[in-house]
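The values are calculated or read from the model by the stated rules, or taken from the named source; none is laboratory data. Just so it is clear, the structure is predicted and the values come from calculations on it, not from any experiment. Note that each Cβ is placed from the backbone with ideal geometry, even for glycine, and that neighbours are counted across all protein chains shown.
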Amino acid sequence: MRFPAHIQVYVVGGAVRDRLLGLPVQDRDHVVVGATPEDMVRLGFRPVGRDFPVFLHPETQEEYALARTERKTARGYKGFQVYASPEVTLEQDLVRRDLTINAMAEAADGSIVDPYGGRRDLAAKVLRHVGPAFAEDPVRILRVARFAARFADFSVAPETLELMRAMVQSGEVDALVPERVWQELARGLMEDRPSRLIEVLRDCGALQKLLPEVDALFGVPQDAAKHPEIDTGSHLLRVLDWAAAQRHALPVRYAALVHDLGKGLTPRERWPDHSGHEAAGMAAVRAVCARLKVPTECRELALTVARWHGQAHRADRLDAAGLLALLEATDALRRPERFEQFLLACADDHHGRPGYENKPFTQAERLRQALAAARAVDAGAVAAAAPGNIPEAIRAARSAAIAAALPDSRAT
């Protein structure tokens, strides 16, 4: 599309950053300088922006936003007054962005407009805020942590980290709405190094505000014989990165995040064994899920993993009755797909320890075999032949099937 001479269009943000890094460009956002909303409509663009003028290209459906400035009017990420006008310059638009690496633009001729040192920080692998406006939007704390998880070899500039700490201390983070916290947390968990997300949030003090149940795990010791890393928080970080390395889905990664919350509640006299932490942590997992309005699929798997992961680790010592009890407790017979996700999260927990990276999690295969044997039982036929208590007859048949499939599970 040809634009009138008085209108300049630039590709901005992540598309420019990723191209300079040699990464695939997923989405392209554009800033339009010198145009009015009426100009865009006359050119065939469709207006879609609610908070500021954004338009969809009539052919590509890519987003084109008018250059704008913002003024802080209230606490939180929605407390802004937006001003869009043909007089707003590209530099004025870019200065409101979060990080220098996201505040570059590419002109139609391919030249890069970089008024705030984004290319320099890309080369130095630094996440640095553009200017004072960063402090006006608490979501940017979460975004920095998420970018740290995506670009694991980038560091957060000391002055940016200090600004983030000041934002936490001022109470700006308290104004974040649950939906936005979950959105950024979920995206961060899906990056290559989600441990960095937690580390950056912890370094600036935001983790204690947003996820105090997770923050409480750091400094809590575990049994060194089972956990050579000792610190529960350190274990959590390793589990998250292992789950990411396996490309596990979001429900599995979220379950990994909250699976050990009970250890942050264990009385000191029960350190480092943490016996009973699975049941003790259920209230904490429910609280996090409710506070962040976690989607049902993630919540249900997280609760299942938190409550029963310890029993899964003991599966090699369970007899047929015990294996069946675990299958019933996790609803594996009705929901085998979710049970498979449960096993993946338990495997992440197993491998997230020094020296366990290449040690097989044999308990998972044992549980898969037990589930296959139990599901092969014809419950209808058993019910038709049962002279008395039908549920008990079905349970007995399933237990017998597991014992036949796994001879070492027979009771002695």
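Worth a mention:
- Residues that are among the β-branched types (Val, Ile, Thr) and under 26 Å from the mean Cα position of the chain (by Cα) were ranked within segment 1-52; the one that is surrounded by the most Cβ atoms within 10 Å (Cβ to Cβ) is 16.
- Take the conditions (1) within 24 Å of the chain's Cα centre (by Cα); (2) over 19 Å from residue 311 (Cβ atoms); (3) not hydroxyl-bearing (Ser, Thr, Tyr); residue 281 misses just one of them, which is (2).
- Qualifying residues in segment 370-382 (those that are among the hydrophobic types (A, V, I, L, M, F, W, C) and not in a helix (DSSP H, G or I)) - the one surrounded by the fewest Cβ atoms within 10 Å (Cβ to Cβ): 376
- Taking the conditions (1) surrounded by 17 or more Cβ atoms within 10 Å (Cβ to Cβ); (2) more than 21 Å from residue 209 (Cα to Cα); (3) not hydroxyl-bearing (Ser, Thr, Tyr) in turn, residue 123 satisfies each one other than (1).
- Members of segment 317-329 found to be assigned to a helix (DSSP H, G or I) and closer than 22 Å to residue 361 by Cβ, listed by number: 317, 320, 322, 323, 324, 325, 326, 327, 328, 329
- Checked against (1) more than 29 Å from residue 33 (Cα to Cα); (2) free of Cβ contacts under 8 Å to residues at least 60 places away in the same chain; (3) over 17 Å from the mean Cα position of the chain (by Cα); (4) surrounded by fewer than 21 Cβ atoms within 10 Å (Cβ to Cβ), residue 156 meets all criteria but (4).
- Answer from 112, 141 - the residue that is at pLDDT 95 or above and over 27 Å from residue 1 (Cα atoms): 141
- Any hit, segment 246-255, residues being in contact with a Leu (Cβ under 7 Å, 6 or more places away or on another chain), among the hydroxyl-bearing types (Ser, Thr, Tyr) and at pLDDT 95 or above: yes
- Taking the criterion of being over 14 Å from residue 239 (Cβ atoms) and either surrounded by 15 or more Cβ atoms within 10 Å (Cβ to Cβ) or among the aliphatic types (A, V, I, L, M) (or both), the residues of segment 341-369 that qualify are 341, 342, 343, 363, 364, 366, 367, 368, 369.
- Qualifying residue in segment 383-391 (condition: without any contact (Cβ under 8 Å) to a residue 60 or more places away in the chain, in contact with a His (Cβ under 7 Å, 6 or more places away or on another chain), not in a helix (DSSP H, G or I) and not charged (D, E, K, R)): no
- Counting only helices (runs of 4 or more DSSP H) that fall entirely inside segment 242-316 and contain at least 3 residues that are closer than 17 Å to residue 185 by Cβ and not hydrophobic (A, V, I, L, M, F, W, C), the qualifying elements are 250-258, 296-313.
- Only one entry of 50, 71, 2, 96 meets the criterion of being in a loop (DSSP other than H, G, I, E, B), touching a strand residue (DSSP E or B) at 6+ places or on another chain (Cβ under 6 Å) and either charged (D, E, K, R) or modelled with pLDDT of 95 or more (or both), and that entry is 96.
- Among (1) surrounded by fewer than 11 Cβ atoms within 10 Å (Cβ to Cβ); (2) closer than 22 Å to residue 313 by Cα, the one test that residue 389 misses: (2)
- Single unsatisfied condition, residue 296 versus (1) of a type in the set (Val, Ile, Thr); (2) surrounded by fewer than 21 Cβ atoms within 10 Å (Cβ to Cβ); (3) farther than 30 Å from residue 180 by Cβ: (3)
- Scanning segment 106-128 for residues that are in a helix (DSSP H, G or I) and charged (D, E, K, R), we see that the one that is nearest to residue 154 (Cα to Cα) is 121.
- Pair list, Cβ < 8 Å and 6+ apart or interchain, from segment 56-75 residues that are closer than 18 Å to residue 39 by Cβ to residues that are modelled with pLDDT of 70 or more and of a type in the set (Lys, Arg): 56/46; 58/46; 62/28; 68/96
- Of all residues making up segment 227-245, the number that are at pLDDT 95 or above and touching a Pro at 6+ places or on another chain (Cβ under 6 Å): 2
- Neighbours by Cβ (under 8 Å, 6+ apart or cross-chain): first from segment 11-29, under 15 Å from residue 114 (Cβ atoms); second in a loop (DSSP other than H, G, I, E, B) and acidic (Asp, Glu): 14/27; 15/27
- Scanning segment 316-339 for residues that are touching a residue at least 12 places away in the same chain (Cβ under 8 Å), under 17 Å from residue 255 (Cα atoms) and acidic (Asp, Glu) yields a single hit, 331.
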